[in-house]
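Working notes, beginning with the structure itself.
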Amino acid sequence: MNLNQVTLPAIDMRESVRFYLSLGFIQIVDTAHYARFMCLEGEATFSLSLVEETSTSNTTIYFEDKHLDSTVERLRNKGIVFESMPEDKPYLWREAELHDPAGNKIKMYWAGENRLNPPWRVDKTG
């Protein structure tokens, strides 16, 4: 199996679309109630679905960026607000946190080899 996409709620579709375009994603579907974006690397996509109100969610969407620090600085210069700046985490990822206009939690990160092969990886091959 392969993950197709993640769909996030959007209260104001225009504002949310503008936000994700400013992060650098490519919009591939555009309707009044639904928008879909493609990441610049790989084939991953995610979408927005218009809702009247969002509920509190513990879901976090992660966007990987090899040039995390410079990307965060570039986005801050464009007016994007981050709750936390890039920081090395004990689980060997470097992360920065922000929220989209609907309040969805986003973590931008770089983990390198540790993303799929952390030192504590479980070997379930046999």
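Every number in this text was worked out from the coordinates using simple rules, so none of it is lab data. Everything numeric in this text was worked out from a predicted model, so none of it was measured. Neighbour counts are summed over all protein chains in view; Cβ atoms, including those assigned to glycine, are modelled from backbone coordinates with ideal geometry.
List of remarks:
- Over the chain, DSSP H runs of length four or greater, each weighted -39,500 (n - 2.57), average out per residue to a 222 nm ellipticity of -5000 deg cm²/dmol.
- The lysines whose alpha-carbon is closer than 26 Å to the alpha-carbon of LYS124, local same-chain residues fewer than 8 away aside, are LYS89.
- Take every DSSP beta bridge whose two residues both sit in the chain; close to 65 percent of them are antiparallel.
- Here the spin labels are modelled as points 7 Å beyond Cα on the Cα-Cβ line, and at THR31 and ARG14 they lie 2.0 nm apart.
- Signed unit charges on C-beta, dipole axis of the range 49-126, positive-most listed residue GLY103, GLY79, TRP120: TRP120
- Note on the range 73-96 and the range 14-62: Cα centroid distance 19 Å, given to the nearest whole angstrom.
- Phi-derived couplings, Karplus 6.51 cos²θ - 1.76 cosθ + 1.60 at θ = phi - 60°, listed residue by residue for the range 92-109: 6, 10, 9, 9, 10, 10, 8, 10, 7, x, 8, x, 5, 7, 10, 10, 9, 8 Hz, with x used for Gly and Pro.
- Cβ-derived FRET efficiency at R0 25 Å, ASP123 paired with CYS39, nearest 0.05: 0.30
- Evaluated on the chain, the Kirkwood hydrodynamic radius is 15.8 Å, with distances taken between all distinct Cα atoms.
- Per-selection Rg to Rh, the range 11-60 - Cα, Kirkwood hydrodynamic radius: 0.98
- Compared with the dominant principal axis of the Cα atoms in the chain, helix 68-77 is inclined by about 20°.
- Rough spin-label spacing in nm, given labels placed 7 Å along Cα→Cβ, for SER22 and LEU50: 2.1 nm
- A protection proxy built from the mean count of other Cβ atoms within 10 Å ranks the segments 6-12, 70-76, 83-89, most packed first, as 6-12, 70-76, 83-89.
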